[in-house]
Amino acid sequence: MNNILVTGGAGFIGSHVIRVLLKNNPGKRVINYDKLTYAGNLENLKDVQDNENYFFVKGDICDERNVFETLNKFDIDAIVHLAAESHVDRSIEDPLVFVKTNLIGTTNLLAQAKKHWDGDFNNKRFYHVSTDEVYGSLDLDDSLFSETTPYDPRSPYSASKAGSDHLVSSFYHTYGLPIVMSNCSNNYGPNQFPEKLIPLFINNIYNKKPLPVYGKGENVRDWLYVEDHALAISKILFEGQVGQTYNIGGHNEWSNIDLIKILCDKMDAYLGREIGESQNLITFVKDRAGHDLRYAIDASKIQTNLGWVPSLQFEEGIEKTIDWYMTNREWLENVTSGEYQSYYEKMYEKK
């Protein structure tokens, strides 16, 4: 697999995956296929933009002709499919956008891969990256999501991802397409779009703005540092067994309110404020519709079969994350203002 297409490569997770693939696989070509929606930011990849094995193609996964032409032009052997609408609140406001991208887009990508490979699946791979949210909600006990947990999505976002998972699986069983899948827990780290909890709250704490917490903040999530996730994706791509699904978790469960208090205190320490000052910014708001209580991943399969374990615990990871956002204020300000969307797109059109 020498020519790897990463869909959604200008996004948060995708940019880290591209960086890992280029660093650990010299000689392999990595093609970033991204529509550049609000969440796609080519500034995330400015450190690799001049790498001779990195290429960018602006395109929509729903565009049959453009997808097929890209697969042919670069003689793609492997696809890492990350392009997706991914924010639960946005899915509640506009579910049709999620259906189009996550279901129709994924089906088109599968169909064009099947057409491009034309029955020759030797050394080919279609890797679909999904979420733990497809499994539904857990109680506050010791149970964990495993690869055999029945699907029970609760939001338009998770339902669209569950549907895309089933479509990927169907292409394996029906056509023999060489697929692998993974379902991951909540990611955090550098380059995350500040609609998500951790970068949003880092920015709000810095600017002394309110920290809106759904309900009582009792909802529990498992947190995975994005660079650990990217390394897991690389390992599954090259070493995972065709037809298998792997759950990727961080072994870091935190209730939202406890996480936010830790974030407040670490930001206070970083900014030289009195510890506890930023907790006064916490504001409880009406709970999100259909808000799942708890997600938690059993990642024993990927550890046993592929030898992957997360390298960072949450408190170490959050300190690295805070340091990155605080030393990259310009990035955060550009993303918040929307200015990032024009400069880098024009630059790549010239390349």
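Taking segment 304-319, which residues are touching a Phe, Trp or Tyr at 6+ places or on another chain (Cβ under 8 Å) and not in a loop (DSSP other than H, G, I, E, B)?
Correct list: ASN305, LEU306, PHE314, GLY317, ILE318.
Have a look at SER185, SER158 and point out the one that is within 22 Å of THR107 (Cβ to Cβ), crowded, with 23+ Cβ neighbours inside 10 Å and hydroxyl-bearing (Ser, Thr, Tyr).
None of the others qualify; the one that does is SER158.
Kindly provide the set of residues from segment 294-315 that are exposed (fewer than 14 other Cβ atoms within 10 Å of the Cβ), in contact (Cβ under 8 Å) with a residue 60 or more places away in the chain and within 30 Å of ASN207 (Cα to Cα), ordered by number.
Passing the criteria: only GLN313.
Which residue, of LEU200, LEU177, LEU109, is modelled with pLDDT under 95 and touching a strand residue (DSSP E or B) at 6+ places or on another chain (Cβ under 9 Å)?
LEU200
Do we find that PHE98 is within 25 Å of PHE238 (Cα to Cα), among the aromatic types (Phe, Trp, Tyr), out of contact with any Gly (no Cβ under 8 Å at 6 or more places or on another chain) and not in a strand (DSSP E or B) in this structure?
No, not satisfied.
Is there a residue being assigned to a helix (DSSP H, G or I) and among the basic types (Lys, Arg) anywhere in segment 125-140?
no
Out of all the residues in segment 299-321, which are aromatic (Phe, Trp, Tyr) and at pLDDT 95 or above?
Looking only at segment 299-321, we keep the residues that are aromatic (Phe, Trp, Tyr), and these are 308, 314.
The one that is aromatic (Phe, Trp, Tyr) and at pLDDT 95 or above: TRP308.
Tally up the residues in segment 325-337 that are touching a Phe, Trp or Tyr at 6+ places or on another chain (Cβ under 9 Å) and surrounded by 14 or more Cβ atoms within 10 Å (Cβ to Cβ), please.
Residues meeting the conditions: 6.
Restricting the first residue to segment 45-66 and requiring it to be part of a loop (DSSP other than H, G, I, E, B), which pairs with a second residue that is among the aliphatic types (A, V, I, L, M) meet a Cβ separation below 6 Å and a spacing of at least six or different chains?
Partner pairs satisfying both residue conditions: VAL48/LEU22; ASN51/LEU22; ILE61/ALA83; ILE61/LEU109; CYS62/ILE104.
Across segment 258-312, what is the total count of residues that are touching a strand residue (DSSP E or B) at 6+ places or on another chain (Cβ under 9 Å) and over 19 Å from GLY215 (Cβ atoms)?
Here the count works out to 13.
The values are calculated or read from the model by the stated rules, or taken from the named source; none is laboratory data. Computed from a predicted model, the values in this text were never measured in an experiment. Positions of Cβ are backbone-derived with ideal geometry, glycine not excepted, and every protein chain shown enters the neighbour counts.
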